[in-house]
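Read the figures in this text as sums done on the coordinates, not as results from a lab. The model shown is predicted, which means the values in this text are computed figures rather than measured ones. Cβ sites come from the backbone with ideal geometry, for glycine too, and all protein chains shown count toward neighbours.
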Amino acid sequence: MTKRRAGVLLTMGLLAVAAILLAWTFAQVRWQSVWLALRGLRGWQLALLLALNLCLVALFSARWWLLLRMQGFKVSLGSLVVYRLAGFGVSYLTPGPQFGGEGWLVILLRRRHAVPVAEASASVALDKLIELLANFSFLAFGLLVSVRFGVFHQDLSSDFLVPLLLLLAIPFGLFATLASGILPATWLSQRWKRPPLVLGNLLSLVAQAERRSASLIRQRTARILLLYFFSLGIWLAMVGEYWLMLHFFGVRANLSQTLFSLTAARLAFLTPLPGGLGALEAAQAAAFQVLGYGASVGLSLSLLQRARDLLLAILGIGLGSIWHLRPLRVGLTQPDPNVVYPSPTLSLQEHDR
């Protein structure tokens, strides 16, 4: 079977899964209730939600901005907001659990700010790792709160809670691995003597980014941990934004109910479906059925989230394309001479000792 045919079959399979999930969701709702809920939203409410989400994007971009500053590169926060929106657009519209746009972020840093590929890759990789640490911390907390307050059925919690928590612990294992100087990609690149050309070049780039990321973690541990807690603070803002959406729909949910339904929504985005298509709608409909509000509320909420994310994705891809086509201004971004750069081989040397 050719790669192209395999890709087509995989895409068709994912679309079939999405269609099944959407069909199940649509069968649970009363469309008149959904229409009335959406029609009841006011223009100022939608504008407020959009403004809040742009603020959240700016906060996420600020974390990336700080990582670049740690490496000695000064890139404007406004540019990084546009780049992050562009990366989000690619990740959102392509199959996979919210990955896919990171390569474009590296290209934009290289083309428009002359940031070396290895350093750009390290900043993007570390930003994504810290984001995963914060995301999975929230998901683990949301699951524990849901079980603690009896939102989950007892059988469901006992059967799935432990495997889910183990899965959510993977990013922490990766962080600990890099912090200890263990570099899997570097190890593989050194021992794989004759990889295919394209795969070999990619593995070499990943190994360089891995070494720089590991060295930055080891030399700037306190700052990296502060960025992790900063990301947890952003999650508090995201919980508030989600609660506000519930409030606009007339749902008076308490904290545990809010965390449970938001956790269900975020778990849906971990599926390989583009933008969690079908999974988000089904997860929200099921969550609000469990809470006793009805599937129609869940679908209304998921449609609002879907409209918000699509708008941000389209905006990001459009602006990112314009920025991408602008000529490279050589020398725009100069490393700070006072910054001590992490050595690409420091972690390996430390590990060998």
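Full extension of the segment from His247 to Met12, taken as 0.36 nm per residue of separation minus the current Cα-Cα distance, would add 80.9 nm.
With both labels modelled 7 Å from their Cα along Cα-to-Cβ, the Thr177 to His324 distance reads 3.0 nm.
With viscosity 1.002 mPa s and temperature 20 °C, the Kirkwood radius over alpha carbon pairs of the range 273-320 converts through Stokes-Einstein to a diffusion coefficient of 189 µm²/s.
Backbone N atoms of the range 282-310 closer than 19 Å to the 7 Å Cα→Cβ label point of Ala47 belong to residues 308. Here r is the Cβ-Cβ distance between Cys55 and Leu22 and R0 is 35 Å; the resulting FRET efficiency, rounded to 0.05, is 0.70.
State whether the range 243-292 is rounded, prolate or oblate according to the following rule on the C-alpha gyration tensor (a ≥ b ≥ c being the square roots of its eigenvalues): a/c under 1.5 gives rounded; otherwise a/b larger than b/c gives prolate, and the remaining case gives oblate. Cα axes put the range 243-292 in the prolate bin. Label-to-label distance, Leu236 versus Thr221, with points set 7 angstrom from Cα along the beta-carbon direction: 2.6 nm. Qualifying trypsin sites (Lys or Arg not before Pro) in the range 1-68, where qualification requires a DSSP coil assignment and no more than 13 other C-beta atoms within 10 Å, comprise Arg30, Arg42.
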